[in-house]
1. What pairs come out if I take residues in the range A:103-125 that are farther than 14 Å from A:Val92 by Cβ and within 14 Å of chain B (Cβ to nearest Cβ) and pair them with residues that are crowded, with 23+ Cβ neighbours inside 10 Å and basic (Lys, Arg) whose C-beta lies under 6 Å away, six or more apart or interchain?
2. Can you pull out every residue in the range A:189-240 that is more than 22 Å from A:Arg164 (Cα to Cα) and assigned to a helix (DSSP H, G or I)?
3. Considering the range B:207-229 alone, what residues qualify as being farther than 26 Å from B:Gln110 by Cβ and either free of Cβ contacts under 8 Å to residues at least 40 places away in the same chain or not charged (D, E, K, R) (or both)?
4. Of these, B:Lys329, B:Lys315, B:Lys365, which one is crowded, with 19+ Cβ neighbours inside 10 Å, of a type in the set (D, E, K, R), over 30 Å from B:Met132 (Cα atoms) and not assigned by the TED database to the domain that holds B:Val97?
5. Being crowded, with 24+ Cβ neighbours inside 10 Å and farther than 20 Å from A:Gly355 by Cα is the filter here, so list the residues in the range A:196-217 that pass it.
6. Quick test for you: out of A:Lys166, A:Lys65, pick the one residue that is facing chain B (nearest Cβ under 9 Å), in contact with a helix residue (DSSP H, G or I) (Cβ under 7 Å, 6 or more places away or on another chain) and surrounded by fewer than 22 Cβ atoms within 10 Å (Cβ to Cβ).
7. Scanning for something part of a helix (DSSP H, G or I), out of contact with any Lys or Arg (no Cβ under 6 Å at 6 or more places or on another chain), within 14 Å of another protein chain (Cβ to nearest Cβ) and buried (at least 24 other Cβ atoms within 10 Å of the Cβ), does the range B:236-245 turn up at least one residue?
8. Taking the options B:Asn149, B:Asn171, name whichever one is closer than 23 Å to B:Arg316 by Cα, over 21 Å from the mean Cα position of the chain (by Cα) and surrounded by fewer than 18 Cβ atoms within 10 Å (Cβ to Cβ).
Amino acid sequence: IAISKSFKLTLFLSLQAKMSKPVQAQRLEGIDKNIWVEFVKLAATYSTVNLGQGFPDFPPPDFLKEAFVRALGGENHMLHQYTRAFGHPPLVKILAQFFGKLLGRDLDPMTDVMVTVGAYQALFCCFQAFVDEGDEVIIIEPFFDCYEPMVKMAGGTPVFVPLRPKAPKDGKLMSSADWQLDPAELASKFSKRTKAIVLNSPNNPLGKVFSRGELELIAALCVKHDILCISDEVYEWLVYDGKEHVRIASLQGMWDRTVIIGSAGKTFSATGWKVGWTVGPSRLLQHLRTVHQNSVYHCATAAQEAVAQGFQRELEHYGKPDSYFVQLAKELQQKRDWLVQSLDAVGMKPIVPEGTYFLVADISEFKSDVPDVPDSEEPYDSRFAKWMVKNKVNASGP
Amino acid sequence: TMAFRHKNTRRIEGLDSNVWVEFTKVAADPSIVNLGQGLPDISPPSYVKEELAKAAAVDRLNQYTRGFGHPSLVKALSQVYERVCGRKIDPLTDILVTVGAYGSLFSTIQALIEEGDEVIIIEPFYDCYEPMVKMAGAKPVFIPLRYKNDGSSASSADWVLDAAELANKFNSKTKAIILNTPHNPIGKVFTREELQVIADLCIKHDSLCISDEVYEWLVYKGNKHIKIATLPGMWERTITIGSAGKTYSVTGWKLGWSIGPQNLIKHLQVVHQNTLYTCPTPLQEALAQAFWIDYKRMDDPDCYFYSLSRELESKRDRMAQLLQEAGLKPVIPDGGYFMIVDVSTLNVDLSDVGEKQPYDYKFVKWMITSKKLSAIPLSAFCGPETKRQFEKYIRFCFIKKDSTLDAAEVILKNWNKETA
């Protein structure tokens, strides 16, 4: 009886220990909050004009929609079944061809390209493949929100370095080009624990298009400290005023240490298709493949087939006036100019973006409408955005 | 260029090889009759394809939808499963839509499993369970299904867990057990009594149950699929995983779902929002519409959930017959669309093949090159200790159109003639 009681006590205590430990894994610590979950719901409840979440309210181009319909209804019903796990062959082939041309390299579609579920999953694969407990990852502020929780989930430490605004010339509106990294400050962020830097150019949310000089600075530090560059280039085609999108992987010493990330959602205005890709040397991509085959394994087939045809068309029209990439950039530049004018007229101070389809505006003139609450836990811009959604029939994100 | 010193992370060390990467490449040759990978070559039902074409034509459906699952889809799933489970399921808090059931397994394991945990895996197992558990830093603990009969016609029901052996595998570190019913590759449909044994142990040790039920509709006459989450005390500790690919023969849509109590699903949602955020919209809308069509006829035998399993039952019987005529003893599955068979009776001598691989790997490669027929070796689905036990088995997939099975028939009929 004594033995049985002691066994029961042990079992009871170990159950208590199990029950007092949280059911969820520690890797989820501090990454449960998410801005989109909150603001998307709010915008859906109140607004009629949603300028918050980043997706077009116009459709993808006709040639892409037609390609999708062809893939679905065609003779080949096998497009409803699994395709190659690391990317549908027609898609990886055209991506290798297209980006090979842009980078001036011979790319192997089977090893130097991998398709992912949106650029989001490409980012996830990079962090999981390369960021270990204790590794530091440099993140440039402001940043697309997922970089920080993804680094944390991988056990890494985010190290932030802000873009800092320089005052614009008198009478001129600020440009995203006026926001720059301080070279000494950037250099100070690198330590022997630094594993990677995340670069996002064109940058969401500012719209900054990093210049060749700025990229060379970053590249030199990557080479010096022998770190990885995760280059989020999803807005690569949305560049205005004749500016050039420079690919950091094309700079000296960078191809071997860079993973380039792209997105069909942003390239072809089809965010709901969730087709993205990574391009880089096989020595790096092999590890992304390992993560991918142990997390989602395959990406949906039909959309990949359609995106492949979209790229084929764009390859044929590259640089010509009827190229979708050329037309979309032209159209968005006009929308940008119109929005800049409107915001300026109402008293907000817009920062004119060099790229992307986002625009940041300074709202400090509106302190009288939405007074500051010094002890509030919620940042001012978040409260302002909520006030604007509820009162101005308009939405934007903080 | 300077050499880049950085290696991969610890979490993926040793997880790079994969049976599919090896065998799908080999079997991709169109002259090979492919009964290997679990990929239907039959067409999905036409209304399913039509719904996708309709969805793709709606502008808004080409943009992002709700991260945790497109509203019309989670609503449809909650209705279907409320009916099946006999309990209320909240579409927003009790369901997560993922990139295939594969994505659900990953989200569940990343959300709830970590270093220091043990996870019980029943052998043979769908191959991704082991690397996913390892990637989460946990220890897989294996227990084999054992064949209990000596009879001439084997059934998947003859493969059982030893209750005492199973009980011994549970301890204070056991965070979860992964259950797969109907089972891939054997096709076993766990009975209520068998599920109760597992449930009792989960409750006693306060463990979770990850229940992979992707083949839930594919059960054959005389069998019933029972959801372990419906047993007393199990809803609060079970994540039940389903798959559009297997339900509607659309593996290339890569949509799956996890269903369970809010206090567990919320952690899967956190993983999801930090991994891929949202699944494709038009596919989810099309799937929702397909589910409404079949939900409305769940009392009708024409419902696709039942008609597909009837279609597959006759393919199962045909596959079994072909193998028996070739002198083999297949294990007749009670569910799923795979069939395993012991090939050691064919006495194919592969001792001179140089590679150090289990017998079944060598056999399948030999069969592909010399017989132009592919299958999958069973030892890919085992832990290190049991590979010897299972290396005489190979797995055939029978969700194939008649012409594919006809081609397989020709090969199997001629088998003995050529090897004699």
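The values are calculated or read from the model by the stated rules, or taken from the named source; none is laboratory data. Note that the coordinates shown come from a computational prediction; the quantities given were computed from them, not determined experimentally. Glycine gets a Cβ as well: all are built from the backbone with ideal geometry, and neighbour counts include every protein chain shown.
1. From the range A:103-125, the pairs are A:Val117/A:Lys274; A:Gly118/A:Lys274.
2. Residues satisfying the conditions are A:Val223, A:Lys224, A:His225.
3. B:Trp217, B:Leu218, B:Val219, B:Tyr220, B:Gly222, B:Asn223, B:Lys224, B:His225, B:Ile226
4. Step by step, each of B:Lys329, B:Lys315, B:Lys365 is checked, and only B:Lys315 is crowded, with 19+ Cβ neighbours inside 10 Å, of a type in the set (D, E, K, R), over 30 Å from B:Met132 (Cα atoms) and not assigned by the TED database to the domain that holds B:Val97.
5. Result: A:Ala196, A:Ile197.
6. Details: A:Lys166 fails: facing chain B (nearest Cβ under 9 Å).
Answer to the check: A:Lys65.
7. So in the range B:236-245, the residues part of a helix (DSSP H, G or I) come out as B:236-237, B:244-245.
Applying the additional criterion that residues be out of contact with any Lys or Arg (no Cβ under 6 Å at 6 or more places or on another chain) yields B:236-237, B:244-245.
Next, only the ones that are within 14 Å of another protein chain (Cβ to nearest Cβ) stay: B:236-237, B:244-245.
In the following step, the residues that additionally are buried (at least 24 other Cβ atoms within 10 Å of the Cβ) were identified as B:244-245.
Within the range B:236-245, one or more residues are part of a helix (DSSP H, G or I), out of contact with any Lys or Arg (no Cβ under 6 Å at 6 or more places or on another chain), within 14 Å of another protein chain (Cβ to nearest Cβ) and buried (at least 24 other Cβ atoms within 10 Å of the Cβ).
8. Working: B:Asn171 fails: closer than 23 Å to B:Arg316 by Cα.
Only one candidate qualifies: B:Asn149.
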